[in-house]
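The values are calculated or read from the model by the stated rules, or taken from the named source; none is laboratory data. Nothing here was measured: the structure is a model prediction, and the numbers come from that model. Reconstructed Cβ throughout: ideal geometry from the backbone, glycine too, with neighbour counts over all protein chains shown. These area figures cover heavy atoms from the full protein model, side chains too; ligands, DNA and RNA do not enter into them. Shrake-Rupley method; radii C 1.70, N 1.55, O 1.52, S 1.80 Å.
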Amino acid sequence: DGMTIVELAKRTGESISALQDILVNVGETVDSEFDPLGIDIAELIAMEIGVNVKRLHSNVGAELLPRAPVVTVMGHVDHGKTSLLDALRQTSLAAKEAGGITQHIGAFVVRMPSGASITFLDTPGHAAFSAMRARGAAVTDIVVLVVAADDGVMPQTLEAMSHAKAANVPIVVAINKCDKPAANPERVKLQLASEGLLLEEMGGDVQVVQVSATQRIGLNDLEEALLLQSELMELKARIDGPAQAYVVEARIDKGRGPFATAIVKAGTLICGQHVVVGAEWGRIRAIRDMVGKLTEKARPAMPVEIEGLRGLPMAGDDVIVVESEERARMLSAGRKKKLEKDRLQKVGEERMEIANPSEEAPERVEMPIIVKADVQGTVQAVTDALRSLNSPQVFVNVVHVGVGPISQSDVDLAQACGACIVGFNVRSPPNSVTLAAARACIKIKIHRVIYHLLEDIGNLIVEKAPGTS
Ligand code: GDP
């Protein structure tokens, strides 16, 4: 399992004695440089010397069993992603058993009468998908591409296709709103085909299903198509042994601390285990399923909410199991240090760019922004989307992010740094806050669609610096 110091030295190009010094610094002792180090220790050392390590969980000798597919729903705004997820959620047996009630934990499982199941990520849209992928979390196995039968292929349909393609994730097309008189599924198919999607009925391997989310038509066909796709992919996972999981959503509950929804990719997560989640750590105090029921364990493809973390992780963070609290603390501290180092380096690079603008480059306009959103996953997605506006002329400086409604303290901070405040999927702030913002000439922008938000901020940038963009 573990690597020896000698091997680590060979792989990293550091001297054995330098590595031994680091070992002593992190409070570890090994008798001989030929003794294997634990994986956590190897990761710590690697972080100290600034190399990235990827944990490769060995599946050698472990029994691999079929697992449920994890599915993300993408498509153009208003084509029915949310409605489709709502409809699918209600087909879940677990939801039925719980009287139709599922908690919003960022994912849900549909269990089919055959015993097979499908896990759906409950954050529609490609922003969340790409935010996860940007953090290295390959969680999605299949993308459901929703296209409204009366509207056809639109810009975000194409974007979703590109995202799926870039991530090498197969698509199942759901032509939605087929109940509408203006529905024209055949036209949609032709459009998709002309965009290069190889549809099954035209000799390709992309399945197409016609549905109506609101009339609940074709949901079963869609689920069957997803199961067929997943059988073709032969999705398998190791069931036994330490869990490897990813955070899909995180939130803070007043008084009860941080909660994270995670989907296990391999192994089994067990209550009571010490974990490192991204740069945070903790001991799992409780595991709950999608209807809020306490459970002892989480197996592959099962979304669960875990309680007991010391800080708020981010969507896309990995969850790893370590042997003790000591280890958890140490790894978390190491990862935080590395994050901070990376951040400083980035800031440094940005400063350099500002300090040495190339000759013809016009002055770079800075756009300080505060981001507030409903859940951590959205905060992340919005922040990443805003940063995508950066260019040699424009510096979108996200000065603060947070989960929850826009508050007086956000306004205070905005005033201090001349920022505008973006609220995504949050309610309008209370009147007192709106008034305070108006008095201080602070712009508050509330949006529910990333695309509209980017358009709006784009306009602000142009206002600030005529001639940009
Ligand atoms: P999203 O932006 O892709 O999440 O789209 P929504 O799920 O919010 O749906 C946008 C609008 O289309 C809403 O008014 C829905 O009620 C409506 N809608 C969604 N699915 C259907 C459908 O199958 N048939 C009809 N007639 N309307 C639908």
Original post:
Do we find that Val153 is hydrophobic (A, V, I, L, M, F, W, C), open to solvent by less than 30 Å² (accessible area, probe 1.4 Å), more than 16 Å from the ligand (Cβ to nearest atom) and not in a strand (DSSP E or B) in this structure?
Top reply: no
**OP:** Only residues that are in a strand (DSSP E or B), touching a helix residue (DSSP H, G or I) at 6+ places or on another chain (Cβ under 8 Å) and of a type outside the set (A, V, I, L, M): list them for the stretch 188-230, please.
**Re:** Gln210
**OP:** Only residues in the stretch 366-390 that are among the polar types (S, T, N, Q) count as the first member; pair them with residues that are assigned to a helix (DSSP H, G or I), Cβ under 7 angstrom, at least 6 apart or cross-chain, and list the lot.
**Re:** Gln380/Ala131
Subject >> Positions within the stretch 397-415 being modelled with pLDDT of 90 or more and either assigned to a strand (DSSP E or B) or open to solvent by less than 30 Å² (accessible area, probe 1.4 Å) (or both), in sequence order >> reply: Ile406
**OP:** Test Val426 against the stated conditions and say whether it is part of a loop (DSSP other than H, G, I, E, B) and either in contact with a Gly (Cβ under 6 Å, 6 or more places away or on another chain) or open to solvent by less than 20 Å² (accessible area, probe 1.4 Å) (or both).
**Re:** yes
Original post:
Applying the selection to the stretch 126-150, what residues are farther than 15 Å from Ala385 by Cβ, of a type in the set (Gly, Ala, Ser) and within 16 Å of the ligand (Cβ to nearest atom)?
Top reply: Ala148, Ala149
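Does any residue of the stretch 184-199 turn out to be open to solvent by 30 Å² or more (accessible area, probe 1.4 Å) and either within 21 Å of Leu88 (Cα to Cα) or within 16 Å of the ligand (Cβ to nearest atom) (or both)?
Yes - at least one qualifying residue is present in the stretch 184-199.
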**OP:** Only one of these is without any contact (Cβ under 8 Å) to a residue 12 or more places away in the chain, open to solvent by 10 Å² or more (accessible area, probe 1.4 Å) and either part of a loop (DSSP other than H, G, I, E, B) or farther than 19 Å from Arg335 by Cα (or both): Gly255, Gly292, Gly272. Name it.
**Re:** Gly255
**OP:** Output the number of the condition that Ile421 fails; it satisfies all remaining conditions of (1) under 22 Å from Ser391 (Cα atoms); (2) out of contact with any Cys (no Cβ under 9 Å at 6 or more places or on another chain); (3) open to solvent by less than 40 Å² (accessible area, probe 1.4 Å); (4) part of a helix (DSSP H, G or I).
**Re:** (4)
Subject >> Residues located in the stretch 167-180, provided they are more than 9 Å from the ligand (Cβ to nearest atom) and in contact (Cβ under 8 Å) with a residue 24 or more places away in the chain >> reply: Ala167, Val169, Pro170, Ile171, Val172, Val173, Ala174, Ile175
Original post:
Can you tell me which of Val147, Val139 is within 24 Å of Leu198 (Cβ to Cβ), touching a helix residue (DSSP H, G or I) at 6+ places or on another chain (Cβ under 9 Å) and either open to solvent by 10 Å² or more (accessible area, probe 1.4 Å) or touching a residue at least 24 places away in the same chain (Cβ under 8 Å) (or both)?
Top reply: Val147
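Every residue, every condition in (1) more than 24 Å from Arg343 (Cα to Cα); (2) of a type in the set (A, V, I, L, M), yes or no:
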{"residue": "Ile369", "(1), (2)": "no, yes"}
{"residue": "Thr378", "(1), (2)": "no, no"}
{"residue": "Ala414", "(1), (2)": "no, yes"}
{"residue": "Val433", "(1), (2)": "yes, yes"}
{"residue": "Lys443", "(1), (2)": "yes, no"}
{"residue": "Ile446", "(1), (2)": "yes, yes"}
{"residue": "Ile450", "(1), (2)": "yes, yes"}
{"residue": "Ile461", "(1), (2)": "yes, yes"}
{"residue": "Lys464", "(1), (2)": "yes, no"}
Subject >> Given (1) at pLDDT 95 or above; (2) touching an Asp or Glu at 6+ places or on another chain (Cβ under 8 Å); (3) of a type in the set (Gly, Ala, Ser), number of the condition Ala245 does not satisfy >> reply: (1)
Subject >> Residue list for the stretch 429-451, restricted to those being open to solvent by 70 Å² or more (accessible area, probe 1.4 Å) and closer than 23 Å to Pro392 by Cα >> reply: Tyr451
Subject >> Filter pass, Thr123 being of a type outside the set (Asp, Glu) and within 16 Å of the ligand (Cβ to nearest atom) >> reply: yes
